[in-house]
Amino acid sequence: MTAHIDFLNAYYNVCIYSQINDCIIVEGCEITRPYPVELRLDRTHHALGCDGAMQQERRQTVTNASTGPAAAGAGAAGAPDTERAGKAAREIRTIGIAGGGQLARMLIEAAGDLGLRTVVLDPDAHCSAANCADEFLVGEFGSAAALSQLARATDILTFEIERVDATVLEALENDGFTVSPSARVLGTIQDKLIQKRFLESLSIPTPAFQAFDPDVDDPPPPPFVWKARRDGYDGRGVAVIRDAADIPGLPRVPAMTEELVDLQHEFAIIVARSADGHKECYPLTEIHMDPGANVLDTVVAPAAADAAVVDICRRYACTIADALDYVGVLAIELFLDGNGEVSVNELSPRPHNSGHYSIEACVTSQFAQHLRAVAGLPLGSAALKVPAACFNLLGPADPALIAELARRDVLGPDVFVHDYAKIPLSPGRKVGHVTVTAPTAAQAAARAAAVKQIIATEN
């Protein structure tokens, strides 16, 4: 057994592997093992996130990006650093992450397994990832100085939030720094109207849409969906308009309107793409929204969908990723209407809430996969190891108390609690998530519902 593990470790960073029943496949070579090998972190680590021991071992540096040494004269990216660019092309060891939320936190956890360092930029010195990154920079997402400092401290830049200024990232690219996904990708996706027109150019179906300027345009007759063109996520920037009386209350910002779809099912699929064009698609998942908070509530993997629907969703995902020349993990949200037609709702150029289940349920988590893609490592298998359901913990729930329930097996050994270390635990804020695994997707969904009830009772 030791020889098997040693062999895997020797090739872990240069080979694509997958687990199939009682075998490990490495570059087409089958190595039989006498009993299952667990190739993931233990449950306690996932429950606690970046634990105290990890924090003590990590020599973290915290810098104000607007006043640190690299910020002087950094209003622009500066002259190209050809020596550094050449090094990055050969070997990527340090990943710069713009954004310090829970996605960055989980990227950092995955980075440790891959032997990668992380430097995080966020305006909030107490954000979710602040105490996990090897180096933390305090600075704004729109600051050229801050983003330049992040770029110079790392081998490659990525982001976990769409609010980063794409024009600054483009300037950094022009000066020889690498951004993955690219600034062009971010600029295409972060404006929802541009995103929709891009999908239209690929002949990929979307709900009918039109630009809406409240100072110029007349709104369509209700019902319709109103969306802010920028900065709309987690229930913000989206409104379902069913009555004309609701229209005057809409924010007066650049927006778009969409047809209200006769929605039967809502799906999500994640595709990872490497710089050489290799793609790995994760299972199609069914997503359920919290109608009150208008945020994702529960994800079930795999979705109970016809093979033809799964194939359409996969084809759309791969077409979009190739058209964008995408590098990293891309999430696609889709609708299935009452006529059985599939359309694309929205794109997210980063790891996504709908893919959190992959930490426990897939051979390679979406976070490890994103890092593999941007660091130039071979993509891992996106295959499902076990069906799962995942639901968000919204404040004022305390994930630390829920993790304690898991450790005492009050919730069961198939339950994994993730704490985002967010303060305060304000109402409606995403503060963690829970993943439940089971032999079937239906059983996972039922167990997740039961666990939610236990949590509600215990708290």
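Could you check the range 325-362 and list, in sequence order, the residues that are more than 12 Å from the chain's Cα centre (by Cα), within 20 Å of residue 278 (Cβ to Cβ) and crowded, with 24+ Cβ neighbours inside 10 Å?
Passing the criteria: 326, 327, 362.
Is there any pair linking a residue in the range 271-289 that is in contact (Cβ under 8 Å) with a residue 60 or more places away in the chain to one that is of a type in the set (S, T, N, Q), with Cβ under 6 Å and at least six apart or on different chains, and which?
Partner pairs satisfying both residue conditions: 272/369; 285/354; 287/354.
Could you check, for the range 130-142, whether at least one of its residues is more than 17 Å from residue 165 (Cα to Cα), aliphatic (A, V, I, L, M), in contact (Cβ under 8 Å) with a residue 12 or more places away in the chain and touching a Gly at 6+ places or on another chain (Cβ under 9 Å)?
Looking through the range 130-142, at least one residue is more than 17 Å from residue 165 (Cα to Cα), aliphatic (A, V, I, L, M), in contact (Cβ under 8 Å) with a residue 12 or more places away in the chain and touching a Gly at 6+ places or on another chain (Cβ under 9 Å).
Quick one: which of 379, 425 is under 21 Å from the mean Cα position of the chain (by Cα) and hydrophobic (A, V, I, L, M, F, W, C)?
None of the others qualify; the one that does is 379.
Give the range 170-187 a look and list any residue that's touching a residue at least 60 places away in the same chain (Cβ under 8 Å) and crowded, with 20+ Cβ neighbours inside 10 Å, or say none.
172, 177, 178, 180, 181, 182, 185, 186
Within the set of pairs 6 or more residues apart or between chains, which connect a residue that is under 17 Å from residue 436 (Cβ atoms) inside the range 390-417 to a residue that is acidic (Asp, Glu) and part of a strand (DSSP E or B) with Cβ atoms less than 7 Å apart?
If the second residue must be acidic (Asp, Glu) and part of a strand (DSSP E or B), the pairs left are 391/297; 392/297; 399/419; 403/419.
Quick one: which residue in 408, 447 is more than 21 Å from the chain's Cα centre (by Cα) and surrounded by 18 or more Cβ atoms within 10 Å (Cβ to Cβ)?
447
Filter the range 192-219 for residues that are in a loop (DSSP other than H, G, I, E, B), within 22 Å of residue 260 (Cβ to Cβ) and at pLDDT below 95 and give the result.
Passing the criteria: 213, 214, 217, 218, 219.
Could you check the range 283-302 and list, in sequence order, the residues that are under 18 Å from residue 434 (Cα atoms) and in contact with a helix residue (DSSP H, G or I) (Cβ under 7 Å, 6 or more places away or on another chain)?
285, 287, 296, 298, 299, 300, 301, 302
Look at residue 451 and say whether it is in contact with an Asp or Glu (Cβ under 8 Å, 6 or more places away or on another chain), under 21 Å from residue 362 (Cβ atoms), assigned by TED's automatic domain parsing to the domain that holds residue 303 and aliphatic (A, V, I, L, M).
No.
Report yes if some residue within the range 122-145 is in a helix (DSSP H, G or I) and either farther than 30 Å from residue 424 by Cβ or modelled with pLDDT of 95 or more (or both); otherwise report no.
Looking through the range 122-145, at least one residue is in a helix (DSSP H, G or I) and either farther than 30 Å from residue 424 by Cβ or modelled with pLDDT of 95 or more (or both).
The values are calculated or read from the model by the stated rules, or taken from the named source; none is laboratory data. Computed from a predicted model, the values in this text were never measured in an experiment. Methodologically, a virtual Cβ is constructed for each residue, glycine included, from the backbone with ideal geometry; neighbour enumeration extends over all protein chains shown.
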